[in-house]
1. I'd like to verify a number: residues in the range B:280-315 that are outside any strand (DSSP E or B), more than 21 Å from the chain's Cα centre (by Cα) and surrounded by fewer than 20 Cβ atoms within 10 Å (Cβ to Cβ), how many?
2. If I filter the range B:98-112 for residues that are β-branched (Val, Ile, Thr), within 20 Å of the chain's Cα centre (by Cα) and either modelled with pLDDT under 90 or assigned to a loop (DSSP other than H, G, I, E, B) (or both), do I get at least one hit?
3. Could you identify the single residue in B:Gly359, B:Gly344 that is of a type outside the set (D, E, K, R), within 17 Å of the chain's Cα centre (by Cα) and either surrounded by fewer than 20 Cβ atoms within 10 Å (Cβ to Cβ) or part of a loop (DSSP other than H, G, I, E, B) (or both)?
4. State whether the residues of the range B:66-76 include one that is under 36 Å from the mean Cα position of the chain (by Cα), modelled with pLDDT of 95 or more and either on the phi > 0 side of the Ramachandran plot or within 14 Å of another protein chain (Cβ to nearest Cβ) (or both).
5. Being in a loop (DSSP other than H, G, I, E, B) and over 19 Å from B:Cys324 (Cβ atoms) is the filter here; which residues of the range B:191-230 pass it?
6. Going by what's in this entry, would A:Ile184 be described as touching a Leu at 6+ places or on another chain (Cβ under 8 Å), within 30 Å of B:Ser214 (Cβ to Cβ) and within 12 Å of chain B (Cβ to nearest Cβ)?
7. State yes or no: is A:Met230 within 10 Å of another protein chain (Cβ to nearest Cβ) and assigned to a helix (DSSP H, G or I)?
8. Examine the range B:278-293 for a residue that is at pLDDT 95 or above, in contact with a strand residue (DSSP E or B) (Cβ under 6 Å, 6 or more places away or on another chain) and away from every other protein chain (no Cβ under 11 Å), and state whether such a residue exists.
Amino acid sequence: MNKEEKEKSMPQGPLLESWIKASTDFWKSAESMWPATFGGISPVPGETGKEEGDKSAEDSWKMFSEIWQALFNLINKPVTGEFHPVSSLPEWILKASQPLWSGYLLFQKQLMGGEEKVSAGELEGFANLAQKMTKAWLEMYENEFGKILNMPQLGLTRAYQERVNQTIEKFIQFRGGLTEFMQILLIPMEKAYNAVQEEIKNVEKQGEEALKDSKAYYQFWIKKMEESYMVLLRSPEYIETLGNTMKALHDFRIAKSQLFMDILQDLPIPTHRDMDELYKDLYLLKKRVKELEKKVKSYER
Amino acid sequence: MKDEKQVNLSEMMGPFKMAGDLIFSRLVGDTAKLYNYLRDAREVLLSPMKTDIATTPYEVVYEEDRVKLKYYKPDTETRLKHPFLIVYAQVNRETMLDLQPGRSVVETFLRAGLDLYMIDWGYPTRKDRYLTLDDHINGYMDNIVDFILEKHNISSLHLMGICQGGTFCVIYTALHPEKIKNFITTVTPTNFDTDAGLLNIWARAINPDELVESYGNIPGDIMNLGFLLLNPARLMIDKYVGFLENVNNFDFVENFVRMEKWIFDSPDLPAETFREFITYFFRKNLLIKNELEIGGKKVDLKKITMPVLNIYAKYDHLVPTTACDQFTDKIGSKDKEDLCLDTGHIGIYVSSKTHKEFGPKIIRWLLERDGAVEQAQQKPAAKKPVARKIQAKAKAPGK
């Protein structure tokens, strides 16, 4: 198949092709990482049963990877005859979905980049990797999918649809904020763990048996973690993340509440807004009555 | 051979495995020991436990909306001429003062013959969201004080405030000094312009208007989450590791469960009160600057002229000493005393060491200043009113 034929069979052009390639590369690299990554969870040498288990899991992974590649090879092939399922997709759908494809591609590229950095030792640990992934995902969302949610709505149901979109958007932003907040909270755990690893290495260097007194190591870990938290919880980064998360929570709750009010107005159920108006009236009335009661009492005396 | 360029998931997941691995490596070290441990733990957890809190009998003598006034009858004849009113914070509940028999501040006061009243703020619902500081202080509190004064046919009473309840009491006492005979503040924040406590720092980062708009009343669970985040390593991990280590000890488990019941029994905070509290105190620090106005009246600390005892804790992570120790310098009283105890925020009321110091000190101090009939039998009162600052002596880990 020459290049021209290939492009004809795939009207979405090189974009989908490059995405497929990137996906395949990504999962291939994950496959090559298998022994060190998943095999490393319980590295107990000599346990044949465990190794067999790992082998079987690795085989399943390879099989999955092969199916994935086969699927995309199939899509890549030129389709002849009466049916042209992929090429027969209307062009506008493919164009409309372009932002999603490119966004996903960008996300994947950033992930691959992040992996390289981890390997090069610029980033270390789960917290930083997870933070990188969240940021990449949020960036992709804001640049691509988020824009779709903010498209102007038209017609009679305009306001309702806008509130649905707003709720979805605020929810995604809140989840992103919360994930970042949780990730920042993981940093002291990781630091404390590294400190313990260092301590164990030092003890072993001195020829002593490591983990002889696990309680002492635990206390050391907790102490290090506490110290690390005390620094983190006062840091401007933490306070900024806390503020951002609370803001995102507020925005989401307000959007959700407005959406629920739309839903509830068709049901015989009062909304928070209805009840709050009543409560306010009740509060003011009670206050007035209490003041008058006090006045009457003072006159009686 | 491990490729150095590849990410090792076990290393990434290390922190999560740490606590679990260490606990279980200890447990499985000795199979017989492990068996006994599990058998005892099972026995303890399945046995009936007495984990009720606040078991000292009381009578509800006044009710207004959700707010109740509890009256505790003394075990002996009343030794004070003036009744004693305690105002707890709206965060958590006053049941902390009566956590368990033998370690109850309420019991100590009743044994000493105090006529004890305590405000129970109850559980605010959405209809309470518009209640302000003024409604709580010049409304509920003032009505309760009037009720007690009328019941006893006297013109003043002894007042003790705890934590946020102490701040309410400071405002009340400055606005109605004629109704207060003697005033005690315990772990009461009055100066909020300090970075010693994390709460002070965080409170400036959040927007109370947004929280109130989106939640209405502020959920107790959100407050509790904030308190847990003050020290996640100890309060979310180490505490429960300690529980697992002692789960085969019946008394330990019983006490632990009681404390858990109290800690997580957190009423929501009325929205407007929360908004005002954060804005007036944490953000503007109006009280100690003598710039606060409540219900249209200026809260002048110089109007606090009765004897004042200000107790706080050296290792308090919620209300640091710097939040408490300026108060007595700003008031008009001549007979005033600062007492810094060697403990933490809650330890001041429940730790067995401080328990022997805290209650008896208050009883002595009140007896010396009550002007009661039995005063002659007690230690003679201080000859002259004095202003003192007493610091904790020894260094000890706080709660």
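The values are calculated or read from the model by the stated rules, or taken from the named source; none is laboratory data. A quick note: this is a predicted structure, and the numbers were derived from the prediction, not measured. Cβ: placed from backbone, ideal geometry, glycine included. Neighbour counts: every protein chain shown.
1. Total meeting the criteria: 12.
2. No, the conditions are met nowhere in the range B:98-112.
3. B:Gly344
4. Yes, because at least one residue in the range B:66-76 is under 36 Å from the mean Cα position of the chain (by Cα), modelled with pLDDT of 95 or more and either on the phi > 0 side of the Ramachandran plot or within 14 Å of another protein chain (Cβ to nearest Cβ) (or both).
5. Those that are in a loop (DSSP other than H, G, I, E, B) and over 19 Å from B:Cys324 (Cβ atoms): B:Ile206, B:Asn207, B:Gly216, B:Asn217, B:Pro219, B:Leu229.
6. Against the criterion (touching a Leu at 6+ places or on another chain (Cβ under 8 Å), within 30 Å of B:Ser214 (Cβ to Cβ) and within 12 Å of chain B (Cβ to nearest Cβ)), A:Ile184 qualifies.
7. yes
8. no
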